[in-house]
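Chemist: Below you'll find the structure I mean.
The values are calculated or read from the model by the stated rules, or taken from the named source; none is laboratory data. Predicted, not measured: the structure shown is a model, and the values here were computed from it. Glycine gets a Cβ as well: all are built from the backbone with ideal geometry, and neighbour counts include every protein chain shown. For the accessible areas, the whole protein counts, side chains as well, though only heavy atoms, and no ligand, DNA or RNA atoms are used. Shrake-Rupley method; radii C 1.70, N 1.55, O 1.52, S 1.80 Å.
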Amino acid sequence: MTELFRQLLVNVAAAAILAGISLQFVKEGPLHEVVRVAAGLMMTLALLMPLTRLPVVSAAVAGAFREAEAAAAQAAEENQRIAASSVGNAVAIYIQDRAKEMGVKCMAAVYMDGDENGRLVTQGVTLYIEGATEEERAAVCEMVSQECGIPIYLLEVKGK
């Protein structure tokens, strides 16, 4: 405790000397006010910094950092999930629109997830195609592969 008090005293004395010297170099005016504010902040830090060495404060700060890291990780996971859903829906709409242009009634579901590097990766695509010939189905699958860059082995075609 005496070490803490000694450190507090040394910090405040050093900050006061530095603040006094700084204020002597700057005459009245807007810059003087800025230096006064900076000197006040320096004094405040000089008072508070030694207190961070107290076990109670250290534990509280460490706990707050752990909570912040956990919240950031949870937010990153949620952002990844939302991004995968949004991109998957946009790709599905594109597939449906292109199939409609080809004269094929098609509903698409695109499943995406993030990889270990945080990039979105297509996990699978399900195409619901009704009333189309085998050639039309193959043409839609080829279009999805060519235009969307989704490998054929990730496509699942359902319907009659």
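Chemist: Whole number please: convex hull volume per residue, Cα atoms of region 4-88, in Å³.
Modeler: Roughly 115 Å³ of hull volume per residue.
Chemist: With the cut-off at 1.5 for a/c, could you classify region 59-143 from its C-alpha gyration tensor as rounded, prolate or oblate?
Modeler: It is prolate, given that a/c is not under 1.5 and a/b is the larger ratio.
Chemist: If R₀ is 45 angstrom, what is the calculated FRET efficiency for the pair residue 152 and residue 65, using the beta carbon separation as r and rounding to 0.05?
Modeler: 0.40
Chemist: In a Gaussian network model over the chain where Cα atoms closer than 10 Å are linked, find which of 40, 124, 88 has the largest mean-square fluctuation.
Modeler: 40
Chemist: Can you tell me the Rg and the Dmax, both Å, for the Cα atoms in region 69-110?
Modeler: Computed over the Cα atoms of region 69-110, radius of gyration and Dmax are 15.3, 51 Å.
Chemist: When ligands, DNA and RNA are left out and all protein chains stay put, how many square angstrom of accessible area per residue does the chain have with a 1.4 Å probe?
Modeler: 69 Å²
Chemist: Mind checking the dipole of region 19-73: about its Cα centre, +1 per Lys or Arg Cβ, -1 per Asp or Glu Cβ, Debye to the nearest 20?
Modeler: 140 debye
Chemist: Under 20 °C and 1.002 mPa s, how fast does the chain diffuse according to Stokes-Einstein, given a Kirkwood radius computed over C-alpha pairs? Answer in µm²/s, whole number.
Modeler: Stokes-Einstein gives a translational diffusion coefficient of 99 µm²/s.
Chemist: Just 125, 37, 144 to compare: in a GNM of the chain, with alpha carbon springs under 10 Å, which one fluctuates most?
Modeler: 37
Chemist: Among 111, 60, 70, whose Cα sits farthest toward the positive end of the charge dipole of region 39-160 (+1 at Cβ of Lys/Arg, -1 at Cβ of Asp/Glu, about the Cα centre)?
Modeler: 60
Chemist: Return the carbon/sulfur percentage of the accessible area of the chain, one whole number, probe 1.4 Å, all protein chains in place.
Modeler: The nonpolar share, carbon plus sulfur, comes to 64 percent.
Chemist: Let me ask another. How far apart, in nanometres, would the label points at residue 83 and residue 17 be if each is projected 7 angstrom from Cα along the Cα-to-Cβ direction?
Modeler: It works out to 5.2 nm between the two label points.
Chemist: Just report the Cα centroid separation between region 75-149 and region 4-56, whole Å.
Modeler: Measuring centre to centre over Cα atoms gives 61 Å.
Chemist: Right, something else. So what is the calculated 222 nm ellipticity per residue for the chain, using -39500 (n - 2.57) for each DSSP H run with n of 4 or more, over all residues, to the nearest 500 deg cm²/dmol?
Modeler: -23500 deg cm²/dmol, from helical runs alone.
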